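In what follows, a structure is listed as structure tokens, so that the remarks can point back to it.
The values are calculated or read from the model by the stated rules, or taken from the named source; none is laboratory data. Small disclaimer: the values here were computed from a predicted structure and weren't measured. Cβ sites come from the backbone with ideal geometry, for glycine too, and all protein chains shown count toward neighbours.
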Amino acid sequence: MLGNAVKLRVNGTKKPPRARTIGISIVVGWVVFVTVYLLLWEHAPSWQLVLNRISWSSSDYISLAATALALYTYYLVQKSSQSEDMKYLSEFVFTLRKVGIDPREAEKILRQTQGLVKLVSEDPETAKRVEQATFRILREKYAGLAKLNDEEMYETLRSLIR
């Protein structure tokens, strides 16, 4: 999952292996360990006491490998979240939320804006009329706010921000 999403290139170095690759190598390592252990158990009976002690360590191998894999995955997530692109996207989403726009709705808003920009860029006369209408709406809103006392203005602006 994260291996495909995280593409790290730092100063021309090779990108780190994916967590899935490391997980597969851990499983292969464990299978090799168990295979060698069982072969030694069958073919070297004099070593069975030592091998018995080692068998208790095989669970330690799995737990250490799983812990290492979890820490490595955490490292990849941290590294990707600190990239410049992620910081920019986080700031962008935070700004949208501050303004009161749900980031999931941004696509709809941008499509509507894109249509308006296309319409305006194709016809300069329409662009002038849209600009005049926009300024007229802003003047009306401002005039309405100017008539309010401080408490009413506070409540109006507070309701707009939510």
Checklist entry - Counting just the residues of segment 130-154 that are among the charged types (D, E, K, R) and loosely packed, with under 10 Cβ neighbours inside 10 Å, which one comes out farthest from the chain's Cα centre (by Cα)? => result Lys147
Checklist entry - in the same structural domain as Val28 (by TED's automatic domain parsing) and β-branched (Val, Ile, Thr): does that describe Val93? => result no
Next on the checklist: Here is a list: Ala19, Ala65, Ala44. Which entry is under 28 Å from Glu84 (Cβ atoms) and either in contact with a helix residue (DSSP H, G or I) (Cβ under 7 Å, 6 or more places away or on another chain) or at pLDDT 75 or above (or both)?
Outcome noted: Ala19
Next on the checklist: Kindly evaluate Leu89 against the criterion of being modelled with pLDDT of 80 or more, surrounded by 14 or more Cβ atoms within 10 Å (Cβ to Cβ) and either part of a helix (DSSP H, G or I) or aromatic (Phe, Trp, Tyr) (or both).
Outcome noted: no
Checklist entry - Only one residue in Gly115, Gly100, Gly144 is touching a Lys or Arg at 6+ places or on another chain (Cβ under 8 Å) and either modelled with pLDDT under 80 or not small (Gly, Ala, Ser) (or both), so which one is that? => result Gly100
